[in-house]
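Engineer: My questions will all concern the structure given below.
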Amino acid sequence: SGSRLAGLVNDILDFSKLKHDDILINREPVNLYDATQVVISITRPLVEKKSLTIRNSIDPLSMIALGDESRIQQALLNLVGNAIRFTEKGGITINAVAGGDDDNLITVSVEDTGVGIPPDQREHIFDTYETTAQPTVRHLAGSGLGLAITKKIVELHGGTIRVESEPGKGSRFYFTIQRS
């Protein structure tokens, strides 16, 4: 209970700072594979407790972003934490690909085999204090700050975030970040 309360207080403080642009982003080269490995090591006890798999599919040599490593890890931790919370069997895969519409961007994805998000809830999923309205998983919902914080972190890095999901089949969250 104490850890949950401390986490909620930290989320509120971070959100307040982000909302008022009181957080500076220190841009430096960040190896996305290494940043993801840190997140995986932090969340491993939760993954193992639920007998899930978690896989870092990011190329360890070529996926170097330009950003604030601690904030990138925070965004990844929020996305992976949600994936763990809403996944009862299967697993989570984190990946990154360069290029696409813009060769200067990397698209990072966190994909799970969880409960998914109904179409009518996807539009507001990144709003402050929004949590799932699904009665079957409402008990799993958090404070409604994690995705809002993640969105703001991504935007401060000049990127965008979106979600694709199908109820009963899982979700895939994508965000873009500048390539180093």
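Engineer: Ignoring ligands, DNA and RNA, how do 55, 85 rank by accessible area with a 1.4 Å probe, largest first?
Structural biologist: The residues order as 55, 85, largest area first.
Engineer: While we're on this one: Heavy atoms only, probe 1.4 angstrom, no DNA, RNA or ligands counted: give me 51, 171 ranked by accessible area, highest first. Numbers along the way, then the final one.
Structural biologist: Values: 51 100, 171 10 Å².
Descending order: 51, 171.
Engineer: Ranking request for peptides 119-128, 25-34: highest mean number of other beta-carbon atoms within 10 Å first, then the rest in descending order.
Structural biologist: With the highest mean Cβ count within 10 Å placed first, the list reads 25-34, 119-128.
Engineer: Using a ≥ b ≥ c from the Cα gyration tensor of the stretch 52-94 (square roots of the eigenvalues), is it rounded, prolate or oblate, where a/c under 1.5 gives rounded and otherwise the larger of a/b and b/c decides, a/b for prolate?
Structural biologist: It is oblate, given that a/c is not under 1.5 and a/b is not larger than b/c.
The values are calculated or read from the model by the stated rules, or taken from the named source; none is laboratory data. Keep in mind that what you see is a predicted model, and the values were worked out from it rather than measured. All Cβ positions, even for glycine, are placed from backbone atoms using ideal geometry, and neighbour counts span all protein chains on display. Ligands, DNA and RNA are excluded from the accessible area calculation, which covers all protein heavy atoms including side chains. Shrake-Rupley method; radii C 1.70, N 1.55, O 1.52, S 1.80 Å.
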